[in-house]
Amino acid sequence: MEILRVKLERAGYARGREILRDVAFSLRSGEMVGLIGPNGAGKSTAIKAILGFLGHVEGRVHLKEGCRYGYIPEHPVFYEDLTVWEHLELAASVWGMPRAAFEGRALELLERFQLKEARHHLPRSLSKGMQQKLMIVAGFLLQPDLYVVDEPFIGLDPRATKTLLQLLEEERGRGAAVLLSTHVLDTAEKICDSFLLLHQGRCVAQGSLNRLRRQIGREGASLMDCFEAFTSV
């Protein structure tokens, strides 16, 4: 089942200042697509266009009817005076999550990311890695149909990275789709079904790793090899 279909003809922060051109792809239930590209390629801009955060978009973003999505941003965003637990309560209340279901899910996620003892702390008192884990917990709380995840591995310790990868696989097994923007190409190569490679605001390649290999004419090439071949021009 198709969860998301994107066709961006032009997108940017204002008309005449377009950053993206001709970016099109789709995501199906249980599929994970890796959004990759060098710094400044337009990955975060593409995510903002999909989520409706940009000032100027020409094109169309279609979500499955009734689709709920969870967004995990690259940089943690908090309310200064809310505790970790209160942030999660707020997220649950927005979607009308039943109290019993919320408490069970929230405590499970906090335990898995070793945040349970910090649940009554203010986020500003936490390390950057712990703040990032809170963003992940909030994103996974509601078990949406679509996850949009922007550079989630930055600042995570190995144990938290492993927990995140396990959660992504669990959610895919449940039928959720995942759009994952990352620079960690060795990890993306192992977990993503296909890739969308942006360079200078355009999609220069997309498809499975085998398809990318065929396009550069290198059987057995790594995702990094493909990345370098498509972005070295």
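The values are calculated or read from the model by the stated rules, or taken from the named source; none is laboratory data. Note that the structure is a prediction, hence the values are computed from the model and not measured. All Cβ positions, glycine included, derive from the backbone under ideal geometry; neighbour counts span all protein chains shown.
If only residues of region 1-47 that are basic (Lys, Arg) and surrounded by fewer than 21 Cβ atoms within 10 Å (Cβ to Cβ) are counted, the one that is farthest from residue 208 (Cα to Cα) is 15.
The condition of being part of a strand (DSSP E or B) and of a type outside the set (Val, Ile, Thr) holds for only one of 59, 30, 40, that being 59.
Considering 176, 205, the condition of being surrounded by 14 or more Cβ atoms within 10 Å (Cβ to Cβ), of a type outside the set (D, E, K, R) and within 26 Å of residue 142 (Cα to Cα) is satisfied by 176 alone. Residue count for region 65-113, restricted to those that are part of a loop (DSSP other than H, G, I, E, B) and of a type in the set (S, T, N, Q): 1.
When region 49-75 is filtered for residues that are buried (at least 19 other Cβ atoms within 10 Å of the Cβ) and not hydroxyl-bearing (Ser, Thr, Tyr), the ones remaining, listed by number, are 49, 50, 54, 57, 70, 72. For region 209-232, the count of residues that are crowded, with 16+ Cβ neighbours inside 10 Å, within 29 Å of residue 17 (Cβ to Cβ), aliphatic (A, V, I, L, M) and modelled with pLDDT of 95 or more is zero.
So in region 94-115, with the set limited to residues that are small (Gly, Ala, Ser) and surrounded by 13 or more Cβ atoms within 10 Å (Cβ to Cβ), which one is farthest from residue 161 (Cα to Cα)?
By that ranking, first place goes to 101.
Per the listing 163, 182, the residue uniquely farther than 30 Å from residue 40 by Cβ and not charged (D, E, K, R) is 163.
Could you tell me whether region 131-141 includes any residue that is touching a Lys or Arg at 6+ places or on another chain (Cβ under 7 Å), outside any helix (DSSP H, G or I) and touching a residue at least 40 places away in the same chain (Cβ under 8 Å)? Working first, answer last.
Within region 131-141, the subset touching a Lys or Arg at 6+ places or on another chain (Cβ under 7 Å) is 141.
So of that shortlist, the ones also outside any helix (DSSP H, G or I) come out as 141.
Next cut, touching a residue at least 40 places away in the same chain (Cβ under 8 Å) only: 141.
Within region 131-141 (the criterion being touching a Lys or Arg at 6+ places or on another chain (Cβ under 7 Å), outside any helix (DSSP H, G or I) and touching a residue at least 40 places away in the same chain (Cβ under 8 Å)), the answer is yes, since at least one residue qualifies.
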